[in-house]
1. Across region 7-41, which residue is modelled with the lowest pLDDT among those that are surrounded by 12 or more Cβ atoms within 10 Å (Cβ to Cβ) and of a type in the set (K, R)?
2. For region 1-40, which residues satisfy the criterion of being β-branched (V, I, T), in contact with an Asp or Glu (Cβ under 9 Å, 6 or more places away or on another chain) and under 14 Å from S65 (Cα atoms)?
3. Which residues, taken from region 16-25, are within 11 Å of N6 (Cβ to Cβ) and in contact (Cβ under 8 Å) with a residue 40 or more places away in the chain?
4. So V50 fits all but one of (1) assigned to a loop (DSSP other than H, G, I, E, B); (2) within 9 Å of the chain's Cα centre (by Cα); (3) among the aliphatic types (A, V, I, L, M); what number is the exception?
5. How many of the residues in region 49-61 are at pLDDT below 90 and either surrounded by 11 or more Cβ atoms within 10 Å (Cβ to Cβ) or in contact with a strand residue (DSSP E or B) (Cβ under 7 Å, 6 or more places away or on another chain) (or both)?
6. Considering only residues that are of a type in the set (S, T, Y) and assigned to a strand (DSSP E or B), look in region 1-34 and name the one that is nearest to the chain's Cα centre (by Cα).
7. What number goes with the only condition from (1) in a loop (DSSP other than H, G, I, E, B); (2) of a type outside the set (A, V, I, L, M); (3) in contact with a His (Cβ under 6 Å, 6 or more places away or on another chain) that N45 does not pass?
8. Scan region 27-72 for residues that are among the basic types (K, R) and under 17 Å from E3 (Cα atoms) and jot them down.
Amino acid sequence: MGESVNSVHFTPDSNCVLASVQDGNVRLMDKSNGKMLASYTGHKNSEYKVDSCVMASIEEVVSGSEDGFVYVWR
């Protein structure tokens, strides 16, 4: 990935991995081959561990942020 990874979570179906990376991106990757399926930007994550997760519907990604906001991507 090229940057420090702060948190990793599996999607509810366990087929993908969501990684919160210190460059400010949240990346969704296929667990079987490591291919990046999506990248979500906007949150701040350069100093602390910030959790991200995929909602049970698998239609939304949620992440905390060092700027005090919670980001939701659809």
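The values are calculated or read from the model by the stated rules, or taken from the named source; none is laboratory data. Quick caveat: nothing in here was measured; it's all calculated off a predicted structure. Cβ coordinates were reconstructed from backbone atoms using ideal geometry, including for glycine residues, and neighbour counts include every protein chain displayed.
1. By that ranking, first place goes to R27.
2. Scanning region 1-40 gives a single hit, V21.
3. S20
4. Of everything listed in (1) assigned to a loop (DSSP other than H, G, I, E, B); (2) within 9 Å of the chain's Cα centre (by Cα); (3) among the aliphatic types (A, V, I, L, M), V50 misses just condition (2).
5. Within region 49-61, residues that are at pLDDT below 90 and either surrounded by 11 or more Cβ atoms within 10 Å (Cβ to Cβ) or in contact with a strand residue (DSSP E or B) (Cβ under 7 Å, 6 or more places away or on another chain) (or both) number 8.
6. S20
7. Unmet for N45, out of (1) in a loop (DSSP other than H, G, I, E, B); (2) of a type outside the set (A, V, I, L, M); (3) in contact with a His (Cβ under 6 Å, 6 or more places away or on another chain): (3).
8. Within region 27-72, R27, K35, K44, K49 qualify.
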